[in-house]
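Notes to accompany the following structure.
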């Protein structure tokens, strides 16, 4: 957390007066974590360690799973941090009336891009929240292809930005009032089942 990657993120956040987030391998106490770090102009606001390790790819043999769900507050937004495979687990992603935006970064492969797209849209609809999904583009050292397909969905599930299969950037204006509007017009969260994840 004191290495060059996090320091670089802090410099950018200060320079542009914004939040910068991204994932990195962080080692602490002899354990390696797939960690999403959220940096503001004031410093590191918080981080999330990936809970669902991708055992099919051996991630569980290289990393330690996180144990805590993380919601951060930044400039009036309540932000739920998630990483890649977490997207497949709706109970973990579920809005408990505690977030307005889900931010998810991923290395999601091309052969499962249809799942990526469908699940991001579903998380926006079922949680009535903004969802940002940022995915890797290109090919890794093992010949696996990654499609990009980074998107932003509004709280009704509408895709308002799609970078398709390009390494690119786009400015998207997200209005916090849209969350309240969608939830007040269709208040189905009030009928949701109560449960606890242990």
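Values for this structure:
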item	result
Test: residue in the stretch 1-9 that is within 28 Å of residue 196 (Cβ to Cβ) and either surrounded by 17 or more Cβ atoms within 10 Å (Cβ to Cβ) or over 16 Å from the mean Cα position of the chain (by Cα) (or both)	no
Filter pass, residue 35 being under 19 Å from residue 133 (Cβ atoms) and out of contact with any strand residue (DSSP E or B) (no Cβ under 8 Å at 6 or more places or on another chain)	no
Index of the failed condition, residue 164 passing every other in (1) surrounded by fewer than 14 Cβ atoms within 10 Å (Cβ to Cβ); (2) part of a loop (DSSP other than H, G, I, E, B); (3) at negative phi	(3)
Subset of the stretch 153-165 (residues that are touching a residue at least 24 places away in the same chain (Cβ under 8 Å) and more than 12 Å from residue 130 (Cβ to Cβ))	165
Residue list for the stretch 41-58, restricted to those being in contact with a strand residue (DSSP E or B) (Cβ under 6 Å, 6 or more places away or on another chain) and at pLDDT 95 or above	46, 47, 48, 49, 50
Pairs, first free of Cβ contacts under 8 Å to residues at least 40 places away in the same chain in the stretch 167-192, second assigned to a loop (DSSP other than H, G, I, E, B), C-beta under 7 Å, six or more apart	167/148; 170/163
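Yes/no matrix, rows are residues, columns are (1) more than 14 Å from the chain's Cα centre (by Cα); (2) modelled with pLDDT of 95 or more:
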{"position": "78", "(1), (2)": "no, yes"}
{"position": "105", "(1), (2)": "no, yes"}
{"position": "154", "(1), (2)": "yes, yes"}
{"position": "170", "(1), (2)": "yes, no"}
{"position": "174", "(1), (2)": "yes, yes"}
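The values are calculated or read from the model by the stated rules, or taken from the named source; none is laboratory data. Given the structure is predicted, the values throughout are model-derived calculations rather than measurements. Cβ: placed from backbone, ideal geometry, glycine included. Neighbour counts: every protein chain shown.
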